[in-house]
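Trainee: Dropping the structure in here first, questions after.
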Amino acid sequence: MRDALHEIVEEFADTPKELRLPLLLQFADALPPLPQRLLDDRDAMEPVEECTAPLFLAVEVEPGQPVRLFFDAPREAPTSRGFASVLHAGLDGGTPDEILSTPNDFYLSMGLDDLVSPLRMRGMSGMLARVKRRVAAGMSA
Amino acid sequence: MPAEFDATTTLQQYAHPERLVTTAWLEANLGTPGLVVAESDEDVLLYDTGHIPGAVKIDWHTDLNDPLTRDYVDADAFAALMRAKGITPDTTIVFYGDQNNWWAAYALWVTSLFGHADVRLLDGGRKKWIDEGRAVTTDIPAPADTDYPVTQRDDSVIRAYREQVLAHIGNGPLVDVRSPAEFTGELLHMADYPQEGAIRGGHIPTAHSVPWRRAADETDGTFLPVDQLRAIYEDEIGLTPQDDVIAYCRIGERSSHTWFVLTHLLGFENVRNYDGSWVEWGNAVRVPIEKP
């Protein structure tokens with residue numbers, strides 16, 4: 001797992017249970033806005049259907065360059081925003097190999113499953129699966 | 001002491017207008033002794049981003065469901081929850097939430113299982129309150145503990161189990177409140193909820209399909225006027241207020257909303273919610289399934 005993501009997972013796991021949701025909310029608030037080129041071209045973003053709220057992502061892969069990740073979710077969907085922000089903070093700027101080596105169930109170690117219905121936690125794996133698919137496609141392109 | 005009823009004219013058309021409050025009434029009555037506002041959302045972080053001033057959070061997953069058995073919390077846990085939220089048996093609880101009050105109606109139904117008398121819904125829910133620009137806060141209230149007594153849950157009146165549903169086929173109306181594609185069996189789960197799946201698709205034989213969302217106005221999420229609700233449930237699928245009705249969905253949350261509409265807005269006297277719903281039925285061995 002990429003160090004940046006590993007540190008976030010540890011941060012959640014080390015945070016007392018009652019403070020984990022506030023921490024997720026901090027991530028939700030910290031999700032960076034989309035750059036203008038994506039705001040102008042929303043069709044370039046892929047909807048993540050595993051999330052219960054409207055969530056979109058874009059992945060930019062250029063040979064020899066760090067991978068760039070972009071996520072968009074409404075303010076009224078803070079849990080999806082929080083998940084997106086965790087992936088963004090943990091994986092944006094990583095190499096394709098670092099991203100592809102992320103365990104699909106990495107989020108199980110965050111200690112959120114008692115707090116967020118496990119049925120809803122899967123939005124995270126949906127996002128990660130789509131990111132990986134885009135990275136793999138970008139490498140072979 | 002319970003709060004006064006909302007005398008707003010538009011509510012008086014319903015069978016039990018005392019079960020609804022308008023956003024204007026709630027704003028005017030915030031802080032009234034005996035009134036507790038409770039937010040129940042699908043998105044567990046939404047309350048923390050800002051909520052109605054003074055409102056407490058009741059989480060459908062962690063507060064109302066037993067962590068081990070697939071069942072609601074027991075009497076002790078429910079009493080502990082009420083005590084922690086500053087609620088006494090006389091308290092008026094006004095529930096509201098996201099998604100057209102989907103989870104708020106579920107929390108209201110579970111609270112009704114425990115016999116709490118005065119439970120109401122905020123018509124239009126969280127979205128209407130926010131769209132109207134009414135106040136929100138991130139301050140979390142710290143109510144003083146109450147001595148809410150341990151009251152036993154009564155599952156015999158408004159809750160139905162699989163065996164009862166099985167016996168109901170051909171003997172009473174069933175209402176399937178899921179989306180049309182779930183009803184026909186095209187989808188084994190609700191769109192966007194792939195994990196709450198079932199082995200088999202379709203619906204319980206004889207069930208009528210009335211997606212829950214039809215009871216709410218598409219724009220502001222308030223309940224439809226009573227004549228439009230009657231047109232759907234009485235004229236269209238032929239229910240009568242005396243019928244013994246069982247509603248179901250996937251895990252019993254959307255059908256809580258329909259239970260509220262039939263019971264409190266249309267005055268039906270015998271409506272039960274089958275909370276096992278399709279996640280149980282579509283996975284159960286040897287129960288009959290119909291597919292168009």
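The values are calculated or read from the model by the stated rules, or taken from the named source; none is laboratory data. Note that this is a predicted model, so its numbers are computed, not measured. Positions of Cβ are backbone-derived with ideal geometry, glycine not excepted, and every protein chain shown enters the neighbour counts. For accessibility, only protein heavy atoms count, side chains too; no ligands or nucleic acids. Shrake-Rupley method; radii C 1.70, N 1.55, O 1.52, S 1.80 Å.
Trainee: Taking the options B:261, B:287, B:245, B:271, name whichever one is buried (at least 16 other Cβ atoms within 10 Å of the Cβ) and more than 20 Å from the chain's Cα centre (by Cα).
Mentor: Result of the check over B:261, B:287, B:245, B:271: B:287.
Trainee: Looking at (1) more than 14 Å from chain B (Cβ to nearest Cβ); (2) surrounded by fewer than 18 Cβ atoms within 10 Å (Cβ to Cβ); (3) without any contact (Cβ under 8 Å) to a residue 60 or more places away in the chain, which one does residue A:101 not meet, given that it meets all the others?
Mentor: (3)
Trainee: State yes or no: is residue B:21 over 14 Å from residue B:82 (Cα atoms), open to solvent by less than 50 Å² (accessible area, probe 1.4 Å), away from chain A (no Cβ under 14 Å) and under 16 Å from the mean Cα position of the chain (by Cα)?
Mentor: Yes.
Trainee: Name the residues in region B:34-56 that are within 14 Å of chain A (Cβ to nearest Cβ) and without any contact (Cβ under 8 Å) to a residue 60 or more places away in the chain, would you?
Mentor: Scanning region B:34-56 gives B:43, B:44, B:45, B:47.
Trainee: Tell me which residues, restricted to region B:239-254, are over 19 Å from residue B:121 (Cβ atoms) and in contact (Cβ under 8 Å) with a residue 12 or more places away in the chain.
Mentor: Matches in region B:239-254: B:239, B:241, B:242, B:243, B:244, B:245, B:246, B:248, B:250, B:251.
Trainee: Output yes when any residue across region B:62-76 is within 14 Å of chain A (Cβ to nearest Cβ) and touching a helix residue (DSSP H, G or I) at 6+ places or on another chain (Cβ under 6 Å), and no when none is.
Mentor: Yes, some residue in region B:62-76 is within 14 Å of chain A (Cβ to nearest Cβ) and touching a helix residue (DSSP H, G or I) at 6+ places or on another chain (Cβ under 6 Å).
Trainee: Being open to solvent by 80 Å² or more (accessible area, probe 1.4 Å), within 14 Å of chain B (Cβ to nearest Cβ) and within 15 Å of residue A:112 (Cα to Cα) is the filter here; which residues of region A:1-46 pass it?
Mentor: Within region A:1-46, A:17, A:18, A:19, A:26 meet the criteria.
Trainee: While we're here: Out of the residues in region A:47-80 that are acidic (Asp, Glu) and within 10 Å of chain B (Cβ to nearest Cβ), which is least open to solvent (accessible area, probe 1.4 Å)?
Mentor: Checking each candidate, the answer is A:50.
Trainee: Just name the residue that is surrounded by the fewest Cβ atoms within 10 Å (Cβ to Cβ) out of those in region B:107-164 that are part of a loop (DSSP other than H, G, I, E, B) and of a type in the set (Lys, Arg).
Mentor: Here the answer is B:134.
Trainee: Within region B:165-186, how many residues are under 26 Å from residue B:124 (Cα atoms), open to solvent by 30 Å² or more (accessible area, probe 1.4 Å), in a loop (DSSP other than H, G, I, E, B) and of a type outside the set (S, T, N, Q)?
Mentor: 0
Trainee: Taking only region B:37-60 into account, find how many residues are under 17 Å from the mean Cα position of the chain (by Cα) and of a type in the set (Gly, Ala, Ser).
Mentor: 2
Trainee: Right, here's the next one. Residues that are among the basic types (Lys, Arg): find the helices (runs of 4 or more DSSP H) completely inside region A:1-106 holding 1 or more of those.
Mentor: In region A:1-106, the matching helices (runs of 4 or more DSSP H) lie at A:17-30, A:36-39, A:78-91.
Trainee: State the number of residues belonging to region B:215-235 that are in a helix (DSSP H, G or I) and either open to solvent by less than 60 Å² (accessible area, probe 1.4 Å) or of a type in the set (A, V, I, L, M) (or both).
Mentor: 7
Trainee: Let me ask another. Criterion first (without any contact (Cβ under 8 Å) to a residue 12 or more places away in the chain and out of contact with any Ser or Thr (no Cβ under 7 Å at 6 or more places or on another chain)) does residue B:181 satisfy it?
Mentor: The answer is yes for residue B:181.
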